[in-house]
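Please see the structure below; I have some questions.
The values are calculated or read from the model by the stated rules, or taken from the named source; none is laboratory data. Keep in mind the model is a prediction, meaning the values are calculated, not measured. All Cβ positions, even for glycine, are placed from backbone atoms using ideal geometry, and neighbour counts span all protein chains on display. Only protein heavy atoms, including side chains, enter the accessible area calculation; ligands, DNA and RNA are left aside. Shrake-Rupley method; radii C 1.70, N 1.55, O 1.52, S 1.80 Å.
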Amino acid sequence: LAVVYLSAIGPELEFDPLAMHLVAARAFIQQHRLTAVREVPQTFFPKNITLLFSLGMLLRSEITAKLINYLFGLLSIAGAYAFAKRLLSKNAGLAAAAILASSPLFIWEMRTAHVDGGFALYVFLSLYATIRWLENNRPQWFHLAVLATAFSLGTKYQALFSLGSLAVVILVYRLTERRGLVAAAGQSLKFFLLLALGLIPWGIVNLRQTGNPAFP
């Protein structure tokens, strides 16, 4: 992780940040609004993490934006430890953190201004919060699960796979509690519908900029 940090504080070299993420972040700063970068269609994808990169560049530079993504990676590793420790043991938590920290793809993402670090963190957080909610039925865990999953949807469209999986987990878990099919399906559907919070805002932005809420 120390070696990855040294790479994170160096100049950005990867294609996606230089051609898309940092381009969009810089455009927002220069125009003081969510401006359209029409020559780069990928910048019309959800931009929750890109806006955080804008914040990093406003605070100092693109290196700060890279360090925000590095922080996402550290939080994901800490979360993996806490989650495995809660479910199994401290040794399981250490093993989970070590496996994640030694993943070549994961640490490669940590050193750049890609959006995948934030995507991984919020998908993981939504999973953790959903499981805690299923365990104790506390509404605050449900609200955290909804907000975390909504934020992940505002990061990458691939979060739809996570959303579908979580909805199925909720349905199956409630059925194992011997709840009726209608009640279990109702909770699953409620969770699914609330996650529109993550996509509707960016759909409205794209509609105003291109006339197509799902562009590109």
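Measure off 7 Å from each Cα along the Cα-to-Cβ vector at L88 and I9, then give the distance between these two points in nanometres to one decimal.
Computed distance between label sites L88 and I9 equals 3.4 nm.
Further question: Mind checking which of L160, Q30, A92 is farthest towards the positive end of region 25-174's charge dipole, using Cβ charges of +1 (Lys, Arg) and -1 (Asp, Glu) about the Cα centre?
A92
I need the trypsin sites (Lys or Arg not before Pro) found in region 90-180, filtered to DSSP loop residues with at most 10 other beta carbons within 10 Å of theirs.
R178
Compute log10 of I(q)/I(0) for region 30-75 with the Debye formula, placing one identical point scatterer on every Cα and leaving out solvent, at q = 0.22, 0.24, 0.27 Å⁻¹, to two decimals.
Debye intensities relative to I(0), on a log10 scale: -0.84, -0.94, -1.04.
Using the Cα centre as the reference, give the magnitude of the dipole from point charges on the C-beta atoms of the chain (Lys, Arg: +1; Asp, Glu: -1; all else neutral), rounded to the nearest 20 debye.
Values: 18 positive and 9 negative charges, 135 e Å.
So the magnitude is around 640 debye.
Between S102 and T35, what is 0.36 nm times their sequence separation minus the Cα-Cα distance? Round to one decimal in nm. If you can, show how the numbers build up before the last one.
Numbers: separation 67, 0.36 × 67 = 24.12 nm, distance 3.80 nm.
The S102-T35 span can extend by a further 20.3 nm.
Let me test this: with uniform point scatterers at the alpha carbons of region 79-184, what is the Debye-based log₁₀ I(q)/I(0) at q = 0.12 1/Å?
-0.48
Turning to a different aspect of this structure: Would you report the distance distribution of C-alpha pairs in the chain as whole percents per 10 angstrom bin, up to the bin with the largest distance?
Taking every Cα pair in the chain, the percentages come to 8, 29, 32, 22, 8, 1.
Gain in length, N212 to L59, computed as 0.36 nm per residue apart minus the alpha-carbon separation, to one decimal in nm?
On the way: separation 153, 0.36 × 153 = 55.08 nm, distance 3.29 nm.
Full extension of this stretch gives 51.8 nm more.
Once you put a point 7 Å from the Cα of L71 and another 7 Å from the Cα of T176, both along the Cβ direction, what distance in nm separates them?
Here the modelled spin labels are 3.6 nm apart.
Straight-line reach from K66: which aspartates and glutamates have Cα under 19 Å away, leaving out those fewer than 8 places along the same chain?
In chain and number order, the partners are E12, E14, D16, E109, D116.
Could I ask something else about it? Return one whole number: the accessible area per residue of the chain in Å², for a 1.4 Å probe.
Values: 11360 Å² over 216 residues.
So the chain comes to 53 Å² accessible per residue, rounded to a whole number.
Let me ask something else. Could you give each residue of region 63-76 its phi-based ³J(HN,Hα) in whole Hz, using Karplus coefficients 6.51, -1.76, 1.60 with θ = phi - 60°, and x for Gly or Pro?
Values per residue, Gly and Pro as x: 5, 5, 4, 5, 5, 4, 5, 4, 4, 4, x, 4, 5, 5 Hz.
Continuing with this model, one more query. Roughly what angle does helix 159-176 make with the longest principal axis of the chain, taking Cα atoms, 0 to 90 degrees, to the nearest 10?
Its long axis makes an angle of about 10 degrees.
Moving on. For region 188-212 and region 1-72, what is the centre-to-centre distance using only Cα atoms, to the nearest Å?
The two parts, judged by their Cα centres, are 23 Å apart.
Here is a follow-up. Quick one: the Cα spread of region 17-125 along its three principal axes, in angstroms, biggest first?
Taking the Cα atoms of region 17-125, the three principal extents are 50, 25, 22 Å.
Output the direction-averaged projected area (hull surface divided by four) of the convex hull of the alpha-carbon atoms of region 136-204, in nm². Don't jump to the answer; show the numbers that get you there.
Numbers: hull surface 18.4 nm².
The number I arrive at for region 136-204 is 4.6 nm².
Can you give the helix-only mean residue ellipticity at 222 nm for the chain, where every DSSP H stretch with n ≥ 4 adds -39500 (n - 2.57) and the sum goes over all residues, rounded to the nearest 500 deg cm²/dmol?
Values: 11 runs with 157 residues, N = 216.
Mean residue ellipticity at 222 nm (helix-derived): -23500 deg cm²/dmol.
Moving on. Find out how many positive minus negative residues lie around N136, taking Lys and Arg as positive, Asp and Glu as negative, among other residues whose Cβ is under 15 Å from that of N136.
On the way: positive: R86, R132, R138, R174; negative: E135, E177.
Once all neighbours under 15 Å are counted, the net charge is +2.
Considering the dipole of the chain built from charges on the beta carbon (Lys and Arg +1, Asp and Glu -1) around the Cα centre, which of P104, N212, G10 is farthest to its positive end?
The one lying farthest along the dipole's positive direction is N212.
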